[in-house]
Amino acid sequence: MNNIVFISGSESATKSQWLAEIQKQLINETIRLPEEISDSQAKHIDIAIVANPDPSDLARFPNLVWIQSLWAGVERLVADVIDKPVKLVKLNDPQLAKTMAESVLAWTLYLQRNMPEYAQQQVNKQWRQLPCITSAELRVSVLGAGALGITALNTLKKLDYQVSCWSRTAKQFDGIKNYIGSAGLHTMLSKTDILINLLPLTPETYHLLGKELLSNLPKGAKLINFSRGAVIDTKALLNLLENGHIAHAVLDVFEHEPLAPTDAIWTNPNITVLPHISAPTNMLSAAKVIAKNILMYRENNVIPNYVDVKQGY
């Protein structure tokens, strides 16, 4: 049997669950924790499965051919392997994409149907019916058109929203307008009622949504961030929320997590705070995807589609 190392920063119970589920899918492999592997054995291990690994644990395995991440977001891992020959494979799980699309739709409806305003009216014991815009009248734009973005776009399109997206390279979608480049981004934002960020965090996207771009949204636009907190300049966002240019923001991710109890974001009436739950990894489906990747590699010696570390995704 081949040995595969499983390196995780999760608590023991979660780590044990992952180990059991992955081992169940890979009966001809032995999945072991780093502390169970001697330095001499570590030299012969070619695959690591990881979740928020300690870089020092990874460094003990000098001959890794590729690393399978349990998460779709891999910006921290990119920094760990950028100067190494090892390939990095992020989790590409259809169930994860479906879960994200469900969240995108749920919170788009939340904003469309004035849920934050009605929640505040309940606090104030205020009975007032607000105007309701139909989905066909609402312009919803998605930043990012990767696996997660495409599934979200198709889900939104089924409800007749006016859907647009922005991506690094040109895409062809039926009934969905695709924008590229800086000019395209400015144009799309100027025609957006609800902006949904699904961009990966890279050096190019760090604080991409700052004062200039966010100000390009029409007055009263709303924002959903489900990718990474640092894609948005929080200070700029707070200023635009305060002056009413942006009406409301649903934030599931933050530059520093968990959000500090003293952070003013908690009590901002124009922000809905979520604890990084828009697209949790499903253990069962993820284990099957990971097992399939490893089995194909053992049979064909072909590494699954891996991250371009220079671009960060």
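Data table
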quantity: Selection within region 202-238 - surrounded by 19 or more Cβ atoms within 10 Å (Cβ to Cβ) and of a type in the set (Phe, Trp, Tyr); calculated: Phe226
quantity: Test: Ser56 is farther than 18 Å from Ala249 by Cβ, modelled with pLDDT under 95 and either among the polar types (S, T, N, Q) or buried (at least 18 other Cβ atoms within 10 Å of the Cβ) (or both); calculated: yes
quantity: Region 115-133 residues that are over 26 Å from Leu159 (Cβ atoms), paired with ones that are aliphatic (A, V, I, L, M) and in a helix (DSSP H, G or I) (beta carbon under 8 Å, 6 or more apart); calculated: none
quantity: Test: residue in region 84-105 that is of a type in the set (Val, Ile, Thr) and free of Cβ contacts under 8 Å to residues at least 40 places away in the same chain; calculated: yes
quantity: Region 1-22, residues that are buried (at least 16 other Cβ atoms within 10 Å of the Cβ) and farther than 14 Å from Leu70 by Cβ; calculated: Asn3
quantity: Ala249 being closer than 23 Å to Val50 by Cβ, crowded, with 18+ Cβ neighbours inside 10 Å and aliphatic (A, V, I, L, M); calculated: no
quantity: Selection count where residues are surrounded by 24 or more Cβ atoms within 10 Å (Cβ to Cβ) and closer than 15 Å to Lys177 by Cα, scope region 146-161; calculated: 5
quantity: Residue match in region 244-265 (condition: on the phi > 0 side of the Ramachandran plot and either in contact (Cβ under 8 Å) with a residue 60 or more places away in the chain or small (Gly, Ala, Ser) (or both)); calculated: yes
quantity: Selection within region 191-243 - closer than 21 Å to Pro280 by Cα and charged (D, E, K, R); calculated: Arg228
quantity: Selection count, region 16-70, where residues are free of Cβ contacts under 8 Å to residues at least 24 places away in the same chain and over 18 Å from Leu88 (Cα atoms); calculated: 11
quantity: Checking Thr169 against (1) of a type in the set (Val, Ile, Thr); (2) crowded, with 17+ Cβ neighbours inside 10 Å; (3) farther than 18 Å from Ala106 by Cα, the condition it does not meet; calculated: (2)
quantity: Hey, Ala279 surrounded by 11 or more Cβ atoms within 10 Å (Cβ to Cβ), part of a strand (DSSP E or B) and out of contact with any His (no Cβ under 6 Å at 6 or more places or on another chain) or not; calculated: no
quantity: Sole residue being more than 21 Å from the chain's Cα centre (by Cα), in the same structural domain as Lys157 (by TED's automatic domain parsing) and polar (S, T, N, Q), chosen from Ser167, Ser190; calculated: Ser190
quantity: Residue tally, condition modelled with pLDDT of 95 or more, assigned to a helix (DSSP H, G or I) and in contact with a Pro (Cβ under 9 Å, 6 or more places away or on another chain), over region 59-100; calculated: 2
quantity: Residue match in region 174-181 (condition: touching a Ser or Thr at 6+ places or on another chain (Cβ under 6 Å) and either under 17 Å from Thr108 (Cα atoms) or touching a residue at least 24 places away in the same chain (Cβ under 8 Å) (or both)); calculated: no
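Residue-by-condition table, conditions (1) in a helix (DSSP H, G or I); (2) modelled with pLDDT under 95:
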| position | (1), (2) |
| --- | --- |
| Ile7 | no, no |
| Ser10 | no, yes |
| Lys15 | yes, yes |
| Glu21 | yes, no |
| Thr30 | no, no |
| Ala48 | no, no |
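Yes or no, residue by residue, for (1) among the basic types (Lys, Arg); (2) within 23 Å of Ala79 (Cα to Cα); (3) within 12 Å of the chain's Cα centre (by Cα); (4) assigned to a loop (DSSP other than H, G, I, E, B):
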site	(1), (2), (3), (4)
Ile196	no, no, yes, no
Pro200	no, yes, yes, yes
Thr205	no, yes, no, yes
Glu212	no, no, no, no
Leu217	no, no, no, yes
Ala236	no, no, no, no
Asn239	no, no, no, no
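The values are calculated or read from the model by the stated rules, or taken from the named source; none is laboratory data. Model, not experiment: these values are computed from the prediction. Because the Cβ atoms are built from the backbone with ideal geometry, glycine has one as well, and the counts that use them run over all protein chains shown.
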